[in-house]
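Structure, as structure tokens:
Values quoted throughout were computed directly from the atomic coordinates according to the rules given, and no laboratory measurement underlies them. Only a predicted model underlies this, so the values are computations on that prediction, with no experimental measurement involved. All Cβ positions, glycine included, derive from the backbone under ideal geometry; neighbour counts span all protein chains shown.
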Amino acid sequence: MGVSYATYEQVALEDGDATWEYVCGQLREKPGMTQEHNRAASLLAYFIQSQLPIERFEVLHNAGRLRTDAGNAFVPDVLVVPMTQTASQHGTGGLETYAEAVPFVAETWSKSTGSYDSRTKLPEYQARGDLVIWLVHPYEKTVRSFERQADGSYQERTHTGGQVSIPSLPGVSVDLDRLFANL
């Protein structure tokens with residue numbers, strides 16, 4: 001038997017020792033991650049935020065939730081949210097959750113979550129209509145990028161280095177050589 005979303009929200013807000021997701025009516029604790037995983041996500045968030053005006057965008061690292069049409073709530077490793085979407089969260093005291101599509105989401109591969117991220121989270125992010133989704137692999141030093149097209153489909157590309165632009169964030173690019181060299 002599952003738990004309600006209200007129960008999930010209460011647990012997520014009150015349990016400061018864990019990061020909780022809500023999947024198919026069940027609480028799912030995000031497992032601990034390796035240093036390479038955490039550093040890749042942290043650097044990616046830093047590289048992106050340093051190119052965006054803080055008055056217009058917030059870059060979250062392992063914070064905030066994306067709510068899906070299936071009723072799930074995931075905590076991405078990196079998430080870019082326009083400030084127009086964050087305004088509805090201010091002063092509510094509720095769990096920071098976004099139901100609208102966002103311009104950028106990234107998950108970083110780890111042994112404990114790698115297949116889960118690509119099999120479970122990726123299709124749900126695509127169903128939400130998130131504009132650019134990255135699956136970062138810190139050990140293979142690759143990024144699989146999924147860019148939403150005008151017809152709602154996604155174009156997949158694999159990047160192994162160099163400057164990679166994020167089309168949903170004009171003027172923003174990530175130097176993958178620099179990212180991977182600092183893991």
Compactness index (Cα Rg / 2.2 N^0.38 Å), region 56-183: 1.04
Of 152, 114, 25, the one that fluctuates the most in a GNM where the chain has Cα springs shorter than 10 Å: 152
Set of aspartates and glutamates with alpha-carbon distance to residue 111 below 20 Å, sequence-local pairs under 8 removed: 21, 29, 36, 77, 140
222 nm [θ] for the chain, helices only, -39500 (n - 2.57) per DSSP H run of 4+, per residue, to 500? -6500 deg cm²/dmol
Given an 8 Å cut-off on Cα distances and at least 6 residues of separation, report the relative contact order of region 69-158 as a percent. 23 percent
How far is helix 35-49 tilted off the main Cα axis of the chain, in degrees rounded to 10, range 0 to 90? 80 degrees
Once the other residues with Cβ under 13 Å from the Cβ of residue 67 are scored (Lys, Arg +1; Asp, Glu -1), what is the net sum? -4
Once the other residues with Cβ under 15 Å from the Cβ of residue 155 are scored (Lys, Arg +1; Asp, Glu -1), what is the net sum? -1
Tilt of helix 5-14 relative to the longest C-alpha principal axis of the chain, in degrees (0 to 90, nearest 10)? 70 degrees
Let me check against my output: what whole-number percent is the relative contact order of the chain, with C-alpha pairs under 8 Å and at least 6 apart? 17 percent
Chain lengthening between residue 139 and residue 156 when straightened (0.36 nm per residue, less Cα-Cα): 4.1 nm
Rg/Rh over Cα atoms for region 1-114, Kirkwood Rh, comes to 0.96
